[in-house]
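K.L.:
Provided herewith is a single structure, encoded as structure tokens, for subsequent inquiry.
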Amino acid sequence: MSRRFLSIGECMVELSQAGDGLLRKGFAGDTFNTAWYARACLAADWSVDYFTALGDDAMSDEMLAFIDKAGIGTSLIRRIRGRTPGLYMINLKNGERSFSYWRDSAAARSLAADPDRLREAVESADVVYFSGITLAILPHEDAETLLAEVRRAKAAGKLVVFDPNIRPRLWSSYDVMHTTISEGARSSVLVMPSFDDEAAHFGDDSIEATIHRYRALGAIHIVVKNGSDGVTLNFAGEQTFVPAEKVEKVIDTTSAGDSFNGAFLARYLEAGDAPAAARFATKVAARVVSEHGALVPREKLGLDGG
Ligand code: ADP
């Protein structure tokens with residue numbers, strides 16, 4: 001029987017510089033990126049579905065077609081009349097990248113506003129993935145709805161996975177951010193934070209401190225990513241360190257963490273061996289940072305020994 005990996009969040013229109021003042025259009029967003037890499041790495045007996053909300057404009061249609069073409073299920077995606085997707089632009093100045101966002105009125109902000117639909121989607125899944133960005137873009141009440149749903153899924157024995165992906169600019173205050181992200185972790189089985197973010201915004205002085213904090217909240221497994229310094233896994237108390245791959249030339253670290261998560265989960269779901277899954281995901285993420293863009297095509301991930 002086929003099993004379903006469900007990722008919940010926001011995919012945006014991406015505009016990047018294409019030279020001569022031209023802009024290139026793409027689609028990306030943390031939870032979508034993870035779905036992309038999970039799809040690339042999972043066998044065909046898994047379906048990967050994306051749960052979000054889109055509008056009814058041409059850009060929403062185009063994004064839907066793009067998601068579908070990636071082999072990611074779109075049947076659960078809500079369409080809202082009169083709304084549009086969020087948009088961001090990557091600016092390049094003297095080799096430094098910065099981002100401008102237009103996402104305040106994005107349809108995705110209403111992804112949890114239809115609780116029955118959300119429940120149906122979560123109930124249909126074996127694995128549920130969401131992030132701190134997913135929680136940050138929702139009105140407070142809807143974030144509570146989503147958290148209640150994932151808690152139900154956890155109680156039902158499903159693998160609920162959370163990447164805190166801390167983005168202070170998306171939150172109304174530090175207090176709300178701390179409380180809601182902690183609640184996200186408490187409602188999850190596996191938490192996959194990036195140490196940089198946790199140190200900067202929760203004041204953790206070591207990877208141990210991050211692991212301890214999330215375990216104390218009630219998460220069962222923790223995977224702490226630390227860029228080129230590797231990852232530390234704590235699975236039900238058992239700790240393992242996996243070093244990062246040596247990368248000759250880092251081209252673009254966009255979605256390094258998202259790709260790691262997708263590849264890790266794919267391998268973990270198929271074989272149940274967390275350290276082996278981390279070694280595999282480390283290789284995939286190393287390929288991703290060696291290429292431009294958030295979504296590296298499957299052929300370039302070296303999955304078939306290439
Ligand atoms: P995030 O993108 O969430 O900040 P990290 O920077 O920790 O996440 O990167 C996630 C994973 O990507 C790391 O665990 C590592 O495997 C890989 N990675 C990131 N940067 C590098 C790098 N410079 N060299 C090799 N691997 C890297």
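Every number here is computed from the coordinates shown, using simple stated rules; none is lab data. Note that the structure is predicted; figures quoted are calculated from it, not measured. We place every Cβ from the backbone using ideal geometry, glycine too, and count neighbours over all the protein chains shown.
K.L.:
Taking the Cα centre as origin and putting +1 on Lys and Arg beta-carbons and -1 on Asp and Glu beta-carbons, what dipole magnitude results for region 1-54, to the nearest 20 debye?
P.N.:
Dipole magnitude for region 1-54 comes out near 140 debye.
K.L.:
Also, I was wondering about something else. Dipole of the chain (Lys/Arg Cβ +1, Asp/Glu Cβ -1, origin at the Cα centre): which of 52, 74, 280 lies farthest to the positive side?
P.N.:
Selected residue: 74.
K.L.:
Let me make sure I get this right: for region 159-296, a, b and c are the square roots of the gyration tensor eigenvalues over alpha carbons, sorted descending. Under 1.5 in a/c it's rounded, otherwise prolate if a/b > b/c, else oblate. Which is it?
P.N.:
Here region 159-296 falls in the oblate category.
K.L.:
Between rounded, prolate and oblate, where does the chain land on the alpha carbon gyration tensor, with a ≥ b ≥ c its root eigenvalues, rounded for a/c under 1.5, else prolate if a/b exceeds b/c?
P.N.:
Rounded, since a/c falls under 1.5.
K.L.:
Further question on the same structure: Among 296-304, 190-198, 283-291, 205-213, how do they line up by average Cβ neighbours within 10 Å per residue, starting with the highest?
P.N.:
Answer by packing, highest mean first, reads 190-198, 283-291, 205-213, 296-304.
K.L.:
May I ask you to derive the FRET efficiency for residue 94 and residue 176 from their Cβ-Cβ distance with R0 = 30 Å, giving the value to the nearest 0.05?
P.N.:
With R0 = 30 Å, the Cβ-Cβ based efficiency is 0.30.
K.L.:
Using alpha-carbon positions, what is the distance between the centroids of region 272-306 and region 140-165, in Å?
P.N.:
Using only Cα atoms, the two centres lie 27 Å from each other.
K.L.:
Given H placed 1.01 Å from N in the peptide plane, which residues other than close sequence neighbours of residue 165 have an amide H under 5 Å from its amide H?
P.N.:
Sorted by chain and number, the residues that satisfy this are 132, 194.
K.L.:
Which ³J(HN,Hα) values, rounded to whole Hz and listed in residue order, are derived for region 291-300 from phi using the Karplus coefficients 6.51, -1.76 and 1.60 in 6.51 cos²θ - 1.76 cosθ + 1.60 with θ = phi - 60°, glycine and proline given as x?
P.N.:
Once θ is set to phi - 60°, the couplings for region 291-300 become 10, 7, x, 7, 10, 7, x, 3, 4, 9 Hz.
K.L.:
I need the phi-derived Karplus couplings for region 42-54: 6.51 cos²θ - 1.76 cosθ + 1.60, θ = phi - 60°, integer Hz, Gly and Pro marked x.
P.N.:
Each residue's phi maps through the Karplus curve to give 7, 6, 5, 7, 9, 9, 10, 10, 10, 10, 7, 10, 10 Hz.
K.L.:
Taking the Cα centre as origin and putting +1 on Lys and Arg beta-carbons and -1 on Asp and Glu beta-carbons, what dipole magnitude results for the chain, to the nearest 20 debye?
P.N.:
For this selection, approximately 280 debye.
K.L.:
What does the extension gain come out to for residue 3 and residue 144, with contour length at 0.36 nm per residue minus their alpha carbon separation?
P.N.:
Value of the extension gain: 48.1 nm.
K.L.:
Mind listing the long-range amide H neighbours of residue 51? Cut-off is under 5 Å, sequence gap 5 or more, other chains count too, H placed in the peptide plane at 1.01 Å from N.
P.N.:
7, 8, 9
K.L.:
Shifting gears a bit: Calculated FRET efficiency, residue 102 and residue 298, Cβ-Cβ r, R0 30 Å, to nearest 0.05?
P.N.:
Using R0 = 30 Å, I get an efficiency of 0.50.
K.L.:
Go through 91-103, 220-232 and give me the packing order, highest mean Cβ count within 10 Å leading.
P.N.:
Per-residue mean Cβ counts within 10 Å order the peptides as 220-232, 91-103.
K.L.:
So, one more: Quick one: of the DSSP bridges fully inside the chain, what percent are antiparallel, nearest 5?
P.N.:
Antiparallel bridges: around 45 percent, rounded to the nearest 5.
K.L.:
With a/c under 1.5 counting as rounded, go ahead and sort region 141-239 into rounded, prolate or oblate using the C-alpha gyration tensor (a ≥ b ≥ c being the square roots of the eigenvalues; past the cut-off, prolate if a/b is larger than b/c, else oblate).
P.N.:
Judged from the Cα gyration tensor, region 141-239 comes out oblate (a/c at least 1.5, b/c at or above a/b).
K.L.:
Same structure, new question: About its Cα centre, what dipole magnitude does region 60-197 give when the only charges are +1 on Lys and Arg Cβ and -1 on Asp and Glu Cβ, stated in debye to the nearest 20?
P.N.:
Dipole magnitude for region 60-197 comes out near 180 debye.
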